[in-house]
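Heads up: the structure comes next, in structure tokens.
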Amino acid sequence: MCFEIKDRDLAGKIGILKTRRGNIETPYVMPVVNPIRNIINPSELISEFKLNMIITNSYIIMKHYGIEAKDVHEITGFHGVIMTDSGAYQLLIYGRIDVKPEEILKFQEKIKSDIGVILDVPTGGYADRQEAEYTVMETLRRAKESIALRNDKSMLWAGPIQGGRFLDLIEKSAEEMGKLDFHIHPLGSPTQIMEDYDYKTLIDMIVIAKRKLPPERPFHLFGAGHPMMLSLAVALGCDLFDSAAYALFAKDGRYMTQSGTLRIEDLNELPCNCPICSKYDVKYIMEIERSERELLLAKHNLYMVIEEIKIIKEAIREGRLWELLEIRCRSHPKLYEGFKRLSRYSKYLEEQDPIISRRGIFFYDQIAINRPEVIRYKRIFDERYEKPEGKEVLLLLPMPKDKPFNKSKIFKEAFKLVEERVHICFYGDPFGIVPVELSETFPLSQFESSMEDSKGWREDIKKFARNYREIIILGEEVEGFKSIKSIGELKVK
């Protein structure tokens with residue numbers, strides 16, 4: 001095994017990818033490095049940015065240097081871990097490349113790539129059904145053939161997942177690819193889908209693939225590297241990313257932030273304290289030569305990506321990745337659409353999320369009802385809870401602001417007025433029904449909420465109330481139940 005998981009939150013994780021040139025802590029964004037020409041010198045990625053892994057293109061190296069090319073680390077000037085793509089992106093963009101799958105595989109071994117990618121056939125974002133089926137089957141065929149061709153046993157290999165927008169094909173691709181001897185699985189050709197801001201489809205693609213792949217293998221989202229969407233991708237289970245956006249955006253005068261992209265000419269201030277923005281101002285950047293401006297913008301953009309990964313890691317360690325999603329996914333309407341899509345995969349997230357948390361939970365609005373902690377509580381409550389013996393009457397109190405609920409004023413007042421056969425429970429969002437005897441267990445008293453009441457607990461009450469001879473509810477009128485407006489109206493005792 002080359003991947004060790006150290007910490008988790010939602011389906012996101014901090015892991016250690018073990019390579020022959022050292023360990024990489026994930027989640028990790030690999031800067032895309034052109035083997036011929038770069039805005040930022042690859043050696044600076046280590047010295048200035050403290051990065052220890054990049055991705056470059058073995059097909060471009062072959063076309064430029066020939067089949068006798070030397071070590072990729074010498075060619076790029078980067079002496080950390082190097083992953084090499086195989087030319088599939090060029091195949092997607094130009095429709096053909098003049099290299100065979102076995103040639104580029106052998107070439108990646110020759111130039112001593114630390115992680116290689118087979119020459120897959122990318123589906124792309126606009127393929128029809130017939131084209132997508134071909135890309136899946138041909139990629140699987142090439143993947144199977146590649147295994148027997150490997151000679152370098154210390155090198156890691158990536159087996160891409162294809163299928164594009166056709167989720168059943170992604171499922172088939174992932175299931176079959178997961179049976180093969182690969183170390184990493186990238187999601188093939190999602191770039192066009194991300195360029196369309198189609199985050200709902202991207203989420204579908206990621207989750208469908210992740211469900212079928214071996215959990216011990218890291219998942220790589222090709223072409224993703226904008227800070228505003230990284231937390232969402234990590235929360236779904238993505239471990240590795242690669243992006244040239246830091247450089248491409250700089251060439252176009254675009255300035256990355258954690259909530260979107262700005263044009264440098266539209267700024268009056270630089271809303272960042274990275275080494276670039278703390279040293280220069282907008283006026284200076286706009287007046288210097290274009291090449292120097294591109295360099296400064298590229299460095300700023302890369303600092304933003306690195307900072308966001310650090311924020312995500314810390315959120316995972318503290319168990320607050322959901323709260324980070326709440327903030328980041330409100331930076332763009334399409335991203336928020338994607339965030340709401342998580343409700344479709346609440347069971348998947350609950351299965352991945354650790355049961356024990358290190359901190360309390362914040363609830364801002366109704367979308368937070370899909371949090372794993374809520375889904376898990378309701379599932380376990382439905383499956384395992386049995387009312388205390390001898391309790392015939394159910395008294396339902398609204399969830400008080402004070403926590404734990406059994407220390408609240410409303411509970412103490414009710415407890416004085418009822419006899420032993422009365423079972424006191426609390427109702428309300430986000431948890432539905434909370435029996436008093438559970439009110440101190442996590443997460444039932446370890447949360448703060450600003451949610452407006454959705455009345456969603458009504459169905460929970462109706463299902464739960466079947467176990468009692470009499471039901472009394474305080475503060476609400478629910479059909480079929482006795483309703484009271486104050487504790488003083490209790491007639492049980």
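The values are calculated or read from the model by the stated rules, or taken from the named source; none is laboratory data. Being a predicted model, the structure only gives us computed values, none of them experimental. Glycine gets a Cβ as well: all are built from the backbone with ideal geometry, and neighbour counts include every protein chain shown. Please note that ligands, DNA and RNA were not included when accessible areas were found on the heavy atoms of the full protein model with its side chains. Shrake-Rupley method; radii C 1.70, N 1.55, O 1.52, S 1.80 Å.
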Any idea what angle helix 372-384 forms with the longest principal axis of the chain, computed on alpha-carbon atoms, 0 to 90 degrees, nearest 10? 50
Please list, by residue number, every one of the chymotrypsin sites (Phe, Trp or Tyr not before Pro) in the stretch 93-139 that is coil in DSSP and has at most 14 other beta-carbon atoms within 10 Å. Tyr126
Give the peptides 440-446, 136-142, 291-297 in descending order of average Cβ contacts within 10 Å, highest first. 136-142, 291-297, 440-446
What Kirkwood Rh does the stretch 55-146 have if only Cα atoms enter the pairwise 1/r average? Answer in Å. 13.7
What are the semi-axes of the equivalent ellipsoid for the chain, taken as the square roots of 5 times the Cα gyration tensor eigenvalues, largest first, in whole Å? 52, 26, 18
Measure nothing fancy, just the Cα-based angle from helix 199-212's long axis to the longest principal axis of the chain, in degrees from 0 to 90, nearest 10. 90
Rank by packing, highest mean first: peptides 158-168, 404-414, with packing defined as the count of other Cβ atoms within 10 Å averaged across residues. 158-168, 404-414
Give me the compactness ratio for the stretch 239-302, meaning the Cα radius of gyration over 2.2 N^0.38 Å. 1.06
What residues have an amide H closer than 5 Å to that of Trp157, excluding those fewer than 5 places away on the same chain, when H is modeled at 1.01 Å from N in the peptide plane? Gly116, His183, Ile184
If you plug each phi of the stretch 408-422 into the Karplus form 6.51 cos²θ - 1.76 cosθ + 1.60 with θ = phi - 60°, what whole-Hz ³J(HN,Hα) values come out, in order, with x for Gly and Pro? 7, 5, 5, 5, 4, 5, 5, 4, 5, 9, 10, 9, 5, 6, 8
Any cysteine of the chain lacking a neighbouring Cys Cβ under 4.7 Å - listed by number: Cys2, Cys238, Cys274, Cys329, Cys425
Summing -39500 (n - 2.57) over every DSSP H run of at least 4 residues in the chain and dividing by its residue count gives a helix-only mean residue ellipticity at 222 nm, to the nearest 500 deg cm²/dmol, of -11500 deg cm²/dmol
In terms of modelled amide H atoms, which long-range or inter-chain residues lie less than 5 Å from the amide H of Asp7? Ile14
How many Å² of accessible area per residue for the chain, probe 1.4 Å? 45
Chain lengthening between Asn268 and Arg20 when straightened (0.36 nm per residue, less Cα-Cα): 84.6 nm
Mind checking the dipole of the chain: about its Cα centre, +1 per Lys or Arg Cβ, -1 per Asp or Glu Cβ, Debye to the nearest 20? 920
Whole-Å distance linking the alpha carbon centroid of the stretch 164-219 with that of the stretch 384-429 is 47
Note on the stretch 239-386: C-alpha Rg/Rh, Kirkwood Rh, two decimals, gives 1.11
Of the chymotrypsin sites (Phe, Trp or Tyr not before Pro) in the stretch 1-64, those whose Cβ has at most 15 other Cβ within 10 Å and which sit in DSSP loop: none
Taking the dipole about the Cα centre of the stretch 250-372, with the C-beta of Lys and Arg at +1 and of Asp and Glu at -1, give me whichever of Leu324, Ser343, Ala298 is farthest to the positive side. Ser343
Looking at the chain, send over the antiparallel percent of its DSSP beta bridges, to the nearest 5. 35
Cβ-Cβ FRET estimate between Asp71 and Lys334, R0 fixed at 35 Å, reported to 0.05: 0.25
Apply the Kirkwood formula to the stretch 122-231: the hydrodynamic radius equals the inverse of the mean of 1/r over all pairs of different alpha-carbon atoms; give it in Å with one decimal. 14.2
Applying a 10 Å radius around every beta-carbon, put 182-191, 240-249, 454-463 in order of their mean neighbour count, most first. 182-191, 240-249, 454-463
Taking the stretch 1-58, which trypsin sites (Lys or Arg not before Pro) meet the DSSP loop condition and have no more than 10 other C-beta atoms within 10 Å? Arg37, Lys50
Return the long-range amide H neighbours of Ser483 (sequence gap of 5 or more, or a different chain), with a cut-off of under 5 Å between placed amide H atoms. Ile473
